[in-house]
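So the structure is just underneath, and the comments pick up after that.
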Amino acid sequence: MSNDNNRTLTVTWDDPMVYVQHAATMSGLEIMQAMIAGQFPPPPIARLMNFTLGEVEKGRAVFTAEPAEYHYNPIGVVHGGLISTLLDSALGCAVHTTLPAGVLYTTLELHVNFVRPLTQHTGPVRCEAQVLHSGRRMATAEAKVTDAGGKLYGHGTTTCMIFPADGG
């Protein structure tokens, strides 16, 4: 079936392994700060979903995104995957900021609550994550997705496993 209303999205990205290459010598906070400073390229998922890491400090990370038509699902609103991906990214990066060089993390569990739908008319949204606990083997964090007026669109929590970068 032909569709005269087709739109196009072109995505380019850089090698995502740049972060892994520096994991042994830079803390998570240093890696996140280097990304904000433009010393490292954004990861492919950030380019694909069009979101940006804007702020970090130990135990905290803030991402921003602007919901667009290409984020839509078949029912005419932004797919929940955008909020889920923003939450997972901000939560994970907040955890990463607490880790020393040579230590990585991965998400074990992500719990997402959707409060209201996003649309292309929502405008920019902000996802702010805060670490609740960062231990030797496990970390937990919570985050919210809000619009410019502070209206809540979603919130979530994560549990992350912490492990040495060398896999040992």
#### Entry: Top positive-direction residue, dipole computed over the chain with Cβ charges, set 12, 106, 46
106
### Query
Which FRET efficiency value, to the nearest 0.05, do you get for residue 110 and residue 4 by plugging their Cβ-Cβ distance into 1/(1 + (r/R0)^6) with R0 = 30 Å?
0.15
### Message
Pairs of alpha-carbon atoms within less than 8 angstrom and 6+ residues apart define the contacts here; what relative contact order does the range 1-74 have, in percent?
### Response
24 percent
#### Entry: Max mean-square fluctuation residue, GNM over the chain, Cα-Cα springs under 10 Å, options 50, 73, 113
73
### Query
Looking only at the range 72-115, which residues have a backbone nitrogen under 20 Å from a spot 7 Å from the Cα of residue 151 in the C-beta direction?
72-73, 75-84, 86-87, 113-115
### Query
To the nearest 20 debye, what is the magnitude of the charge dipole of the chain about its Cα centre, counting +1 on the Cβ of each Lys and Arg and -1 on the Cβ of each Asp and Glu?
340 debye
### Task
Treating the angle as unsigned and between 0 and 90°, give the value, to the nearest 10°, between the Cα long axis of helix 80-96 and the longest Cα principal axis of the chain.
20 degrees
### Task
Using only the alpha carbons of the range 18-164, determine the length spanned along each of the three principal axes and report them from longest to shortest in whole angstroms.
45, 29, 26
### Protection proxy ranking, peptides 39-49, 118-128, average beta carbon neighbours within 10 Å, highest first
118-128, 39-49
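No value in this document is a laboratory result; all are computed from the given coordinates. Just so you know, these numbers come straight off a predicted model, no measurement behind them. Positions of Cβ are backbone-derived with ideal geometry, glycine not excepted, and every protein chain shown enters the neighbour counts.
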